[in-house]
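Enquirer: Structure provided below as structure tokens; questions to follow.
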Amino acid sequence: MNPSAQALQATFGNAIGRVVDARGETIVYVSAAKVRDVLAWLKNTAAPGYDYLVDVTAVEYRDRERPLEVVWFLRSLASTQDLRIKVELDPRGELAVPSVVDLWAGANWLEREVYDMFGVTFTGHPDLRRILMWETYAEGYPLRKDFPLRGRFSRSEQVRQALNVNPEGHYSMEELAIAESYDELPAEMRDRLARGDRARIPNSE
Amino acid sequence: MKHVETVKGSDNWLTTKFTSLVNWAVNQSRANSLWPMPFGTACCAIEFMATAASRFDLARFGMERQAFSPRQSDVLICAGRLPFKLAPVIRRIYDQMPQPKWVISMGACASTGGIFDNYAMVQGIDTVVPVDVYVPGCPPRPEGLLYGILMLHKKIKGEDLFDPTLRDEHLLNDKGLRLEPEQIDEISEPFGNSVHQFRSA
Amino acid sequence: MSPRTVELSVATPGLDAQGNPIRVPIPTSPADVDPELGGEHLLINLGPQHPATHGVLRLVVELEGETVVRVIPHVGYLHSGFEKLGEYRHYNQIVPLTDRTDYLAPMSNNVGVVLAAEKLMGIEITPRCQVLRVIACEMSRIISHMVWLGTTSIDLGAFTPFLWAFQQRERIYNLQEMWTGARLTTSLTRVGGLMADVPDKFITDLREFTQTFPDTLDEIDRVLTRNGVWVGRTQNIGVLTAAEAINYSLSGPMLRASGVPWDLRKDKPYLGYETYDFDVPVGENGDVYDRFLVRLEECYQSNKILAQALDRLPEGPINVDDPRVILPPKSRAMNDMEAMIYHFKQVMEGVKAPVGEAYAGIENPKGELGNYFVSDGTAKPVRWRIRPPAFINLASISKMAEGHLLSDLIAINASVDIVMGEVDR
């Protein structure tokens, strides 16, 4: 058992749920409201300090009754100890947890990936966009269990949507605003960007 | 030279059809100096690099110059899998290539989607661009790719330059597709082992 | 790391009155650029199809003159849905998928995924299997670093090391082919063991390789390490301090080049790495040059581990003695009723894992490759997560490239050692 688990229970009381210790790995369940405080405490105050973020991911179970879990893998480089923090979310409710990008810069892309694949929102993330799928991907969140393996649309529809993404759909809003290029865009395109209508697909209903 | 006959008694005369002579001359020179545009995406690109490197030496087949720019290339070699996110890219590269142009689909993923029969992958690049030679394998060995290139040579040498449809551009139709939707659905049907992968538990 | 001093400075245009080379200051930040020359910023799109992006990475670069103000990477152009496919496969069927994530080091990926599955199922592998897996991992490290050396030297204008590196790769490919039947998609491991034992000739050929391979490394060392162009284009480029490297969750050679002595083989040993005698090279400056030195030295060290592994390779079985996990040999499955039933059940139902989860990280050539399995008791995982080292390392490129020249961005991008199959999965 990782001694940090007891330290967490002593510090945060009932914000800490159950602690699982199996196969030499310690998993601590934390309430969603307190998870940011817990992670910040583990990084800055705890002894040993968990200075290295190994990974951020999410898990959804096949059993629809089980909650969706967001998982943080922490490591203390000095003591080579690992700790896993989990937050349980109701998959039918709002999926949101606080972002830790200001604690670990490496969390930036990892959180974007979880958002892209599971639809979990990280509040306070500086640039929460899809990362692996393109921005106007319309089929949903691929790693959710209700998402079919081959996607929701027919193959021809998938090919059509992929081939007909508008060119500016490949750029983020931030990039289009760089270097006055935003002002040079056609008025119609600027108008659509302002409305958030990024890339209309021709011939779609 | 199939259409050329020597006239008996004189070594200095040839009779042939003009079209055959033009076909022969142009196609020979085209086939023996192809400039490849390696569209390397995944594992096959590593085997493509191995083919181009010391041991297999692609330059032996007139491919000394790797173009890397679609505007100066003859043959698009799609080496690796093609996800939907990359489909508009290969389409644009194909459109940018000047005629005459050919396409080699290298590997199982480029040809059929391979083991990736899922939400992210184009099930064969022929739903996006026309393909001349398919090279099977996962990944094909360098010898396999070389064989595919030689097959393309053979195909080029057999082309009839006076065929008006030969250099058609195969543009996207008004639905924004290269083929009819039904054709794409049929090409993309699961086959082989992947028909069994519906169940996740 | 063995100390190496660099004596040559960057080639400069001419000599001054004292006969010393004239140094031309290179403006490294937008502030150094003469304001008179400042114009509007330029937006350049690099990739996804560009030979210097090592695959299908796309970088949107904001430039002031030739100085990079901001880099916005776009990934996902090779997203293949590995993790979703893993949920539809038995644990052993996942192994062929891992060949295709980091396709520069397939055998090491195979080892990583079965280590996680074995941790989940509580399986202890045999001593011979352990040593053979170490051989697989270190061979992978060498071929992966060889591709890195070759492609990076092409990016920076040197073609020769590419040809040398690929000659050595072909030698390892021959060995891989001898062992697994495939050059690249090896699918070497199985839960609880290996697909096959090594043939006798493999041992002699690998020993011959370990004796001659350092010659090539020496040659590359001679042509690059003290080369003026190479030094000028890599030193003080893309610097990350140790604190930044940790904050960005970097791993592998990227982390060690910044001066953090962290190597899973030493710090969280697996496969008995603690019993091998090898050094972990650590850089000092965290620039592109140090990353090159670290990777070059790692090749020497991997070679050393290979030689030790060959010396100690024990006799014995390669698979655990458990018919629920390991397929019986075909001859028994055809003649023995019990073996046939086990064979049938394993092929049809797969190996069932107990409820729970396991994470196993290994030191891949690119960094820490983590495999995280969550099981609900069936033969297919609920969730298979790959911790992709290249993806996480690549996220720091915006930080590294700020203020450098556009041509340095190519060197920085090369120094990350990305492989898009793993970045995008």
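Please treat every number below as a calculation from the coordinates, not as lab data. Just so it is clear, the structure is predicted and the values come from calculations on it, not from any experiment. Quick reminder, even Gly has a Cβ in these numbers, built from the backbone with ideal geometry, and neighbours come from all protein chains shown.
Enquirer: Per DSSP H run of n ≥ 4, the term is -39500 (n - 2.57); total these for chain B, divide by its residue number, and report the mean residue ellipticity at 222 nm rounded to 500 deg cm²/dmol.
Expert: Helix contribution divided over all residues of chain B: -9000 deg cm²/dmol.
Enquirer: Normalised radius of gyration for the range C:181-221, please: alpha carbon Rg relative to 2.2 N^0.38 Å, two decimal places. Mind showing how you got there, number by number?
Expert: Values: Rg = 14.2 Å, N = 41, 2.2 N^0.38 = 9.0 Å.
Computed over Cα atoms of the range C:181-221, the ratio equals 1.57.
Enquirer: Normalised by the number of residues in chain C, what is the relative contact order in percent for Cα pairs under 8 Å and 6+ residues apart?
Expert: Values: 802 pairs, mean separation 105.5, N = 425.
Reported relative contact order: 25 percent.
Enquirer: Ok, one more. For the protein assembly as shown, build the charge dipole from Cβ charges (+1 Lys, Arg; -1 Asp, Glu) around the Cα centre, then report which of A:V28, C:H90, B:H170 sits farthest towards its positive end.
Expert: Selected residue: C:H90.
Enquirer: Debye calculation, C-alpha points only, no solvent: report log10 I(q)/I(0) for the range C:287-425 at q = 0.21, 0.22 Å⁻¹, in the same order as the q values.
Expert: Results for the range C:287-425 at q = 0.21, 0.22 Å⁻¹ read -1.20, -1.24.
Enquirer: At q = 0.10 Å⁻¹, what base-10 log of I(q)/I(0) does the Debye formula yield for chain C when every alpha carbon is treated as an equal point scatterer in vacuo?
Expert: Reported log10 I(q)/I(0), two decimals: -0.72.
Enquirer: Would you list C:M178, B:M49 from fewest to most Cβ contacts within 10 Å?
Expert: C:M178, B:M49
Enquirer: Looking at the range A:3-132, what % of its DSSP beta bridges pair antiparallel, to the nearest 5?
Expert: Details: 21 of 28 bridges.
So the antiparallel bridges in the range A:3-132 amount to around 75 percent.
Enquirer: For the range B:44-201, rounded, prolate or oblate, judged on the Cα gyration tensor with a ≥ b ≥ c (square roots of eigenvalues), a/c < 1.5 rounded, else prolate if a/b > b/c? The partial results should precede the final answer.
Expert: Numbers: a/c = 1.92, a/b = 1.22, b/c = 1.57.
Verdict is oblate for the range B:44-201.
Enquirer: For chain C, what is the calculated [θ] at 222 nm in deg cm²/dmol (nearest 500), taking -39500 (n - 2.57) for each run of four or more DSSP H residues and dividing by its residue count?
Expert: Working: 17 runs with 197 residues, N = 425.
Mean residue ellipticity, 222 nm, calculated: -14000 deg cm²/dmol.
Enquirer: Antiparallel DSSP bridges in the protein assembly as shown: what percent, to the nearest 5?
Expert: 75 percent
Enquirer: 5 Å is the cut-off here: which amide hydrogens, built 1.01 Å from N in the peptide plane, fall below it relative to C:R387, excluding neighbours closer than 5 in sequence?
Expert: The answer is C:G370, C:N371, C:Y372.
Enquirer: May I ask for the Kirkwood hydrodynamic radius of the range A:3-132, worked out over all distinct Cα pairs and given in angstroms to one decimal? Show your work: numbers first, answer last.
Expert: Details: mean 1/r = 0.0669 Å⁻¹.
Here the Kirkwood hydrodynamic radius works out to 14.9 Å.
Enquirer: A follow-up question, please. Karplus couplings for the range C:235-243 from phi (6.51 cos²θ - 1.76 cosθ + 1.60, θ = phi - 60°), rounded to Hz, Gly and Pro as x?
Expert: Whole-Hz 3J(HN,Hα) from phi for the range C:235-243: 6, 6, 10, x, 6, 10, 6, 4, 5.
Enquirer: Hey, could you grab the Kirkwood Rh for the range C:73-144? Inverse mean 1/r over distinct alpha carbon pairs, Å, one decimal.
Expert: One over the average 1/r among Cα pairs gives 13.4 Å for the range C:73-144.
Enquirer: Collect residues whose amide H, placed 1.01 Å from N in the peptide plane, falls under 5 Å from the amide H of A:A96; neighbours closer than 5 in sequence don't count.
Expert: Residues meeting the amide H criterion: A:T121.
Enquirer: To the nearest 0.05, how large is the calculated FRET efficiency for C:K330 and B:N173 if R₀ is 56 Å and r is the Cβ-Cβ distance? The partial results should precede the final answer.
Expert: On the way: r = 52 Å, r/R0 = 0.93.
Efficiency computed from Cβ-Cβ geometry: 0.60.
Enquirer: Report the Stokes-Einstein translational diffusion coefficient (µm² s⁻¹, integer) for the protein assembly as shown, Rh taken as the Kirkwood radius over Cα pairs, at 4 °C with viscosity 1.567 mPa s. Don't jump to the answer; show the numbers that get you there.
Expert: Numbers: Rh = 28.5 Å.
Estimated via Stokes-Einstein, D reaches 45 µm²/s.
Enquirer: Taking a cut-off of 29 Å between Cα atoms, list the lysines near C:K304, but don't count ones fewer than 8 places away on the same chain.
Expert: Candidates past the 8-residue exclusion: C:K119, C:K201, C:K266, C:K268, C:K366.
Enquirer: Still on this structure, I have one more. If Lys and Arg each add +1 and Asp and Glu each add -1, what is the summed charge of the other residues whose beta carbon sits under 14 Å from the beta carbon of A:G106?
Expert: Numbers: positive: A:K43, A:R75, A:R112, C:R387, C:K399; negative: A:D51, A:D55, A:D102, A:E111, A:E113, C:E244, C:E368.
Around A:G106, the charge tally is -2.
Enquirer: Separate question: Charges at C-beta only: +1 for Lys and Arg, -1 for Asp and Glu. How large is the resulting dipole of the protein assembly as shown about its Cα centre, in Debye rounded to 20? Please report the intermediate quantities before stating the final value.
Expert: On the way: 87 positive and 108 negative charges, 377 e Å.
Charge dipole, the protein assembly as shown, about its Cα centre: 1820 debye, nearest 20.
Enquirer: Now, a different point. What is the set of long-range amide H partners of B:W102 at a cut-off below 5 Å, with H atoms built 1.01 Å from backbone N?
Expert: The list, which skips near neighbours in sequence, is B:V75, B:L76.
Enquirer: Using +1 at the Cβ of each Lys and Arg and -1 at the Cβ of each Asp and Glu in chain C, identify which of C:P261, C:Y248, C:L327 lies farthest towards the dipole's positive end.
Expert: The listed residue farthest towards the positive side: C:L327.
Enquirer: Could you work out the local net charge near C:P253, counting Lys and Arg as +1, Asp and Glu as -1, over the other residues with Cβ closer than 11 Å to its Cβ?
Expert: Working: positive: C:R141, C:R256, C:R291, C:R295, C:K366; negative: C:D263, C:D290, C:E297, C:E298, C:E363, C:D417.
Result for the local shell: -1.
Enquirer: Also: Of chain B, which part is the longest with no chymotrypsin sites (Phe, Trp or Tyr not before Pro) in a loop (DSSP not H, G, I, E, B) and with at most 15 other C-beta atoms within 10 angstrom?
Expert: On the way: sites that count: B:W13, B:F162, B:F191, B:F198.
Here the longest run is B:14-161.
Enquirer: Additional query: Taking GluC sites (Glu not before Pro) as candidate sites, keep only those in a DSSP loop with at most 14 other Cβ atoms within 10 Å, then name the longest stretch of chain B containing none of them. Kindly include the intermediate steps, with their values, before the conclusion.
Expert: Numbers: sites that count: B:E64, B:E169.
Within chain B, the longest run free of exposed GluC sites (Glu not before Pro) spans B:65-168.
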